[in-house]
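Below is one structure; the comments refer to it alone.
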Amino acid sequence: MKLVVVSAGLSSPSSTRLLADRLTAATLTGAALTHRDAEPEVIELRDLATEIARHFVTGFPSARLAAALDAVAAADGLIAVTPVFAGSYSGLFKSFFDVIDKDALTGTPVLLGATGGTARHSLVTEHALRPLFAHLRALVVPTAVYAASEDWGEEGLDRRIARAGGELAGFMAPAAATPDVDTTAAIAAPRSPTGAITSLPASAAATLVPFEQRLAALRVD
């Protein structure tokens, strides 16, 4: 299994890279019992900034940028972390994902992270990052992690990181996590006779009476 980490931090050392590393460690810990061969590869976008800009002008990636794009496209799981600029993801972060092929992340599990100086930006993962990766048709895990300056060293951040890493590990290898379960049946959500998703098992859904039929039975001639 291949785990790719994209960090858009600009400084060195960087709180963005620190969060990326901790999310990576949490994912590998969560993956320990399901895919011990997970191999993390970290892509530092600050090292590719000039090449990303040149790609917009020429339409051709450099060898290093092409290798990074190929790594993301081949990933079994992706961790993407950005610093917050002007209430959203950084321009460098967005530029990198702008040059990725539109189908490269389809169905890829993605864990989102962001860092900022204040807790006021804590919803950036929901109003900016999650829509971006939904547009790319990625499978974004439920827990995203935002770390403000005051969060570092706090127990709450550790819990969120551990939960998010465990979720990504589970999405990367759902079959290995439940070896005795028919994964085809587990992944496919039960559907009603009309095709709508239902929480009932297929056998129960098959016996449901259509709503129109129930209404018809109540009508008085």
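Do the conditions hold for Leu168, that is, is it open to solvent by less than 10 Å² (accessible area, probe 1.4 Å), over 20 Å from Val84 (Cα atoms), part of a helix (DSSP H, G or I) and in contact with a strand residue (DSSP E or B) (Cβ under 7 Å, 6 or more places away or on another chain)? Taking the combined requirement at face value, the residue satisfies it.
Of the residues making up the stretch 57-97, those that are among the hydrophobic types (A, V, I, L, M, F, W, C) and either in contact with a Pro (Cβ under 6 Å, 6 or more places away or on another chain) or under 22 Å from Ala128 (Cα atoms) (or both) number 14. Condition check: in contact (Cβ under 8 Å) with a residue 24 or more places away in the chain, surrounded by fewer than 16 Cβ atoms within 10 Å (Cβ to Cβ) and closer than 23 Å to Trp152 by Cα. Does Ala25 satisfy that? When the stated conditions are applied, Ala25 passes them. One residue is enough: does the stretch 44-66 have a residue meeting the conditions at pLDDT 95 or above, closer than 17 Å to Thr108 by Cβ and of a type outside the set (Phe, Trp, Tyr)? No, the conditions are met nowhere in the stretch 44-66.
In the set (1) touching a Gly at 6+ places or on another chain (Cβ under 9 Å); (2) over 17 Å from Gly166 (Cβ atoms), Leu23 fails one condition alone, (2). In the stretch 88-106, the residues that are closer than 19 Å to His127 by Cα and free of Cβ contacts under 8 Å to residues at least 24 places away in the same chain never reach a residue that is outside any loop (DSSP other than H, G, I, E, B) and among the basic types (Lys, Arg) with C-beta atoms less than 6 angstrom apart, at least six apart or across chains. Among the residues examined, Leu132 qualifies as closer than 23 Å to Phe56 by Cα and in contact with a strand residue (DSSP E or B) (Cβ under 9 Å, 6 or more places away or on another chain).
With a requirement of 3 or more residues that are crowded, with 19+ Cβ neighbours inside 10 Å, the strands (runs of 3 or more DSSP E) lying completely within the stretch 32-147 that satisfy it span 77-85, 109-116.
The values are calculated or read from the model by the stated rules, or taken from the named source; none is laboratory data. Keep in mind the model is a prediction, meaning the values are calculated, not measured. Note that we place each Cβ from the backbone using ideal geometry, even for glycine, and neighbour counts take in every protein chain shown. The protein model used for the area step is the full one, side chains on, heavy atoms only, and it has no ligands, DNA or RNA in it. Shrake-Rupley method; radii C 1.70, N 1.55, O 1.52, S 1.80 Å.
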